[in-house]
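Read the figures in this text as sums done on the coordinates, not as results from a lab. As the structure is a computational prediction, the values presented were derived from the model and not from experiment. Reconstructed Cβ throughout: ideal geometry from the backbone, glycine too, with neighbour counts over all protein chains shown.
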Amino acid sequence: MNRKSHVRKSVGMDGLRCDGAGPIWLQIRRAISGMIASGAWSPGTRIPSEIELTRHFGVSRMTANRAIQSLALEGHLERHRRIGTIVASRAQERPAFEIWDVREIIVRSGERYAYQLLQQMIVPEDDERRDLFNVRRETSLLWLRCLHLSDDIPFQLEERLVNVDAAPEILDLALDQTPPGPWLVDHVPWSQAEHTISAVPAATSEADALDLNVGTSCLVVERRTWNGEIPVTLAKLWHPGSRYRLKGRFEPVR
């Protein structure tokens, strides 16, 4: 039996709506993943085409493509030249991953966002931070240390290692004005991501940046991304435990 015989007919777009939070391509992505997670679009279902999504949401085809492609890269959708894009066979077992933008979190809460670049340097060949990436010694790595503020109060300390080979244009970026995280999401492809969340007491360096007492408990999110086998970036994001929380909504696998 061929693959085509397993494909269900195309579905309508009733219930496919943007939620008004963040970039439009992420809203479309959430709308699609929500239909999958709820079981409205079951495995094997042919989803609306890029052209149909473009008309439905009133966006460019590039925007619709970005939403679909991101879900395809994570295994939620399968793209086929002849039959179109279908829901993957185990899509409902995979949580849709979204990289949070601290700027959007702050603005959405009604507070004023500000950004400071604290440090920027090319990592020396003998620096121990290179051990965090499995790359050749001659690979250029960029180290960044940034502070994100909410109403002038430190909200997140960002320590980030970037593989310049994977993101060469970052060296031309005015990083004292442009936060690296959103730029990387918008300009550098990634196919895998990993989050580790832990509670860590602030040492002197982190406490000074976040205006905390040494030893204050912080929520630390360590995020790694890859494009295929190539590491793209490693970010360690420090948050004062009393000023930050993570919230997610999930549905059981059906």
Calculate, in nm to one decimal, what GLN177 and ASN65 gain on full extension: separation in residues at 0.36 nm each, minus their alpha carbon distance. 37.4 nm
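Name the shape class, rounded, prolate or oblate, that the alpha-carbon gyration tensor gives for region 146-203, where a ≥ b ≥ c are the square roots of its eigenvalues, rounded holds for a/c under 1.5, and otherwise prolate holds if a/b is larger than b/c and oblate otherwise. Don't skip to the answer; put the middle values down first.
Details: a/c = 2.22, a/b = 1.32, b/c = 1.68.
In terms of gyration-tensor shape, oblate.
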The answer for GLN192, listing residues at least 5 apart or on another chain whose modeled amide H is closer than 5 Å to its amide H, is TRP226, GLY228
With θ set to phi - 60°, apply the Karplus curve 6.51 cos²θ - 1.76 cosθ + 1.60 along region 128-144 and write out the HN-Hα couplings as whole Hz, x wherever there is a Gly or Pro. 5, 5, 5, 5, 6, 10, 8, 10, 5, 4, 7, 5, 7, 10, 9, 10, 10
Counting sequence-distant residues (5 or more places) and residues on other chains, those with an amide H built under 5 Å from that of LEU77 are ALA72, ALA88
Region 146-185 residues near the modelled SER109 label - backbone nitrogen below 13 Å, point 7 Å along Cα→Cβ: 148-157
Those helices of the chain passing the 20 Å axial Cα length cut-off and the mean Kyte-Doolittle cut-off of 0.0 (DSSP H runs only) are 24-38
Near HIS148, within a Cβ-to-Cβ distance under 9 Å, what is the net charge of the other residues, with Lys and Arg +1 and Asp and Glu -1? 0
Ranked by GNM mean-square fluctuation in the chain (Cα springs under 10 Å), the top entry among GLU78, GLU52, GLU159 is GLU52
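At 0.36 nm per residue, and after removing the present C-alpha to C-alpha distance, how many nm does the segment from ASP165 to LEU132 gain when stretched out fully? Spell out each step's value before the answer.
Working: separation 33, 0.36 × 33 = 11.88 nm, distance 1.56 nm.
Contour length minus Cα-Cα distance gives 10.3 nm.
Run the helix sum for the chain: -39,500 (n - 2.57) per DSSP H stretch of 4+ residues, divided by residue count, reported at 222 nm to the nearest 500 deg cm²/dmol. Kindly include the intermediate steps, with their values, before the conclusion.
Values: 6 runs with 58 residues, N = 254.
So the helix-based figure for the chain works out to -6500 deg cm²/dmol.
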Please work out, to two decimal places, the log10 of the ratio I(q)/I(0) at q = 0.09, 0.11, 0.13, 0.14 Å⁻¹ from a Debye calculation in which every Cα of the chain carries one identical scatterer. -0.48, -0.70, -0.93, -1.04
From the phi angles alone, apply the Karplus equation (6.51, -1.76, 1.60; θ = phi - 60°) to region 224-240 and give each ³J(HN,Hα) in whole Hz, x where the residue is Gly or Pro. 10, 10, 10, 10, x, 8, 8, x, 9, 7, 10, 10, 10, 10, 9, 10, x
Rounded to the nearest 0.05, what FRET efficiency is calculated for THR216 and HIS195 with R0 set to 22 Å and r the Cβ-Cβ distance? 0.50
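What does the charge dipole of region 124-239 about its Cα centre add up to, to the nearest 20 debye, if the Cβ of each Lys and Arg holds +1 and the Cβ of each Asp and Glu holds -1? Don't skip to the answer; put the middle values down first.
On the way: 9 positive and 21 negative charges, 65 e Å.
Computed charge dipole of region 124-239: roughly 320 debye.
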Dimensionless Rg/Rh of region 86-219, both radii on Cα and Rh by Kirkwood, sits at 0.99
